[in-house]
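Participant: This structure is in structure tokens; I'll ask about it shortly.
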Amino acid sequence: MNYTLNQLRIYLKVVQKESITKAAEELFLTQPAVSIQLKNFQEQFDIPLTEIVNKRLYVTDFGREIAVAAENILNEVQQINHKTSAYKGKLSGRLKISVVSTGKYVVPYLLTDFVRKNEDVELNVMVSNKSKVNLSLEKNEVDFALMSVVPDNFKLETLRLMKNKLFFVGKDSVADVVKSFGVKALEKLPLLYREEGSATRAEMENYIHSNKLKPIKRLELTSNESLKQMMIAGLGYSIMPLIGLKNELESGQLTITPIHGLPITTNWYLVWLPEKKLSPVATAFLEHVKENKDEIIQKTFGWFEDYQ
């Protein structure tokens, strides 16, 4: 046996994704590069690790056992690296954060200075919808989560970060329609929705239900970026978080139309399980956010106050 740590990392990612293409994307490698390393790794075993059936990759039972061993080896190597850094007096370890999709506009600014000061800290940031983020918390897979709607089905510690405002947005103003029909204007205009499980979708549906509206649903999209492009193309309107709209509003690509009951105002929170034993890295990050959040928010999101 003469496998390398790089081969173990690549093989483990292929097993996790059950796809060479997806593994290559996550590892920032080309598909041929991943295929070559997978082939070289396989050649060291007499028993197949994977098999292709109907053009789909499947991991064999033996392959899954090797994947478990590979993960254990990589974790041990990581611990060696962290202990070496700790011995040198440096903060070291992995910080895992789960972020709802709109939170991707917030989390980089919380991390930037912390990572610059602690270069040996490894980041694992998962961006997904509200349902998947809640699940990652329940399963204790992450240190923290960043969200605007805190679940009430289990206990969480929370740290309030900033306001989250949702406005009615589209390519052009529909003030005339709103003036004529009020909130019922939403029944006259094609609406674009986020997917089920999205916090933005939930807030939009709550607003629609509370006003007893029966809107025209045109499209359902899985990201705010896709939704913005559809609106810029003139395909419809939506209720969206202000935090991801700065450039489009300033350039005139999108416009906010004032309407009764909007904006919806919630808050962004950093949350974690109360019984979780935070690692030194997680503890240091939490202290960093507590000490610097007001300055970070004011510096980065002070423009929020221009929109009421």
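The values are calculated or read from the model by the stated rules, or taken from the named source; none is laboratory data. Small disclaimer: the values here were computed from a predicted structure and weren't measured. Note: ideal-geometry Cβ built from the backbone for every residue, glycine included; neighbour counts use all protein chains shown.
Participant: Which pairs do you get when a residue that is within 16 Å of Val271 (Cβ to Cβ), found in region 120-141, comes within reach of a residue that is in a strand (DSSP E or B) and β-branched (Val, Ile, Thr), reach meaning Cβ atoms under 6 angstrom, with the pair 6+ apart or on two chains?
Facilitator: Taking only residues 6 or more apart or on different chains, the pairs are Val125/Ile97; Val127/Val99; Lys130/Val100; Val133/Val100.
Participant: Take region 100-135 and flag every residue that is assigned to a helix (DSSP H, G or I), out of contact with any His (no Cβ under 7 Å at 6 or more places or on another chain) and either among the hydrophobic types (A, V, I, L, M, F, W, C) or buried (at least 18 other Cβ atoms within 10 Å of the Cβ) (or both).
Facilitator: Taking region 100-135 and keeping what is assigned to a helix (DSSP H, G or I), we get 101-105, 107-117, 130-135.
Narrowing the set further to residues that are out of contact with any His (no Cβ under 7 Å at 6 or more places or on another chain) leaves 101-105, 107-113, 115-117, 130-135.
Those that are assigned to a helix (DSSP H, G or I), out of contact with any His (no Cβ under 7 Å at 6 or more places or on another chain) and either among the hydrophobic types (A, V, I, L, M, F, W, C) or buried (at least 18 other Cβ atoms within 10 Å of the Cβ) (or both): Ser101, Thr102, Gly103, Tyr105, Val107, Leu110, Leu111, Val115, Lys130, Val133, Asn134, Leu135.
Participant: Can you say whether Leu242 is of a type in the set (A, V, I, L, M), within 29 Å of Trp272 (Cβ to Cβ), at pLDDT 90 or above and not assigned by TED's automatic domain parsing to the domain that holds Phe301, as far as the supplied structure shows? Let's see the steps before the verdict.
Facilitator: Values: of a type in the set (A, V, I, L, M): yes; within 29 Å of Trp272 (Cβ to Cβ): yes; at pLDDT 90 or above: yes; not assigned by TED's automatic domain parsing to the domain that holds Phe301: yes.
Spelling it out, Leu242 is indeed of a type in the set (A, V, I, L, M), within 29 Å of Trp272 (Cβ to Cβ), at pLDDT 90 or above and not assigned by TED's automatic domain parsing to the domain that holds Phe301.
Participant: Something else about it: Can you tell me which residue is surrounded by the fewest Cβ atoms within 10 Å (Cβ to Cβ) among those in region 250-267 that are under 16 Å from Asp172 (Cβ atoms) and touching a residue at least 12 places away in the same chain (Cβ under 8 Å)?
Facilitator: Per the stated criteria, the residue is Pro258.
Participant: Restricted to region 197-221, and to residues that are closer than 21 Å to Leu135 by Cα and not aliphatic (A, V, I, L, M), which residue is surrounded by the fewest Cβ atoms within 10 Å (Cβ to Cβ)?
Facilitator: Step by step, filter region 197-221, then rank; the result is Gly197.
Participant: Out of the residues in region 139-189 that are in a strand (DSSP E or B) and polar (S, T, N, Q), state the one that is surrounded by the most Cβ atoms within 10 Å (Cβ to Cβ).
Facilitator: Let us first name the residues in region 139-189 that are in a strand (DSSP E or B), namely 144-147, 157-170.
Keeping just the survivors that are polar (S, T, N, Q) gives 158, 164.
Numbers: Thr158: 13, Asn164: 25.
Out of the qualifying residues, it is Asn164.
Participant: Separate question: Filter region 222-244 for residues that are assigned to a helix (DSSP H, G or I) and among the small types (Gly, Ala, Ser); which is surrounded by the fewest Cβ atoms within 10 Å (Cβ to Cβ)?
Facilitator: Our first condition is that a residue be assigned to a helix (DSSP H, G or I); within region 222-244, this holds for 224-232, 242-244.
If we keep only those that are among the small types (Gly, Ala, Ser) as well, we get 226, 244.
Numbers: Ser226: 13, Gly244: 20.
By that ranking, first place goes to Ser226.
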